[in-house]
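Trainee: Below is a structure I'd like to ask you about.
The values are calculated or read from the model by the stated rules, or taken from the named source; none is laboratory data. Bear in mind that the values here come from a model prediction, so they are computed numbers and not experimental data. FYI the Cβ positions are ideal-geometry reconstructions off the backbone, even for glycines, and counts take in every protein chain you see.
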């Protein structure tokens, strides 16, 4: 079982620290809204990845090309929507707004939508995580379960750490924080363009 736990820890850490749409959105949220707003969104993979895992394991191998292409298009459009929101936060920056705002459940749903529309999640489950989990399950069900728990435990812990890290970055001053929000908006827009390019390339 220790091998599967180690695999889960390694893959969970890699999934949480590599740049991507979900990480960028989480950073943008932490910078613009503070940790109270961003922390629930760190748990969004627990909401989104269940259907993704089932779909990836059951049908992705049959429809990978066309399905992935449309996911790229849908993800690109949604990332433009998030980039526009980050740009609005940059233009109307209010240093005290995050402390006054109550947690918004829509942030969790938006973060989950980023994951659902990210082809990398399907590919990761379809060709990396899924085969290991299935192999562990066939050897002994607790091994497959241990890998899933260690994977998501590590990823969520890293997401939470990322939220607090960039929340602390807000204390560098309003100018720096506003600039970082602008950078996150630009990063989301660039990711959106990249997703659309991948979809157009097929």
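Trainee: Within the range 135-146, identify whether any single residue is outside any helix (DSSP H, G or I), out of contact with any strand residue (DSSP E or B) (no Cβ under 8 Å at 6 or more places or on another chain) and at pLDDT below 80, and answer yes or no.
Mentor: no
Trainee: Can you find, within the range 134-152, the residue that is surrounded by the fewest Cβ atoms within 10 Å (Cβ to Cβ) among those that are in contact (Cβ under 8 Å) with a residue 60 or more places away in the chain, within 25 Å of the chain's Cα centre (by Cα) and within 11 Å of residue 8 (Cβ to Cβ)?
Mentor: By that ranking, first place goes to 149.
Trainee: Another one. Only one of (1) modelled with pLDDT of 75 or more; (2) not in a helix (DSSP H, G or I) fails for residue 88. Which number is that?
Mentor: (2)
Trainee: Take the conditions at pLDDT 80 or above, at negative phi, assigned to a helix (DSSP H, G or I) and under 17 Å from the mean Cα position of the chain (by Cα) and apply them to residue 16. Does it pass?
Mentor: Criteria not met by residue 16.
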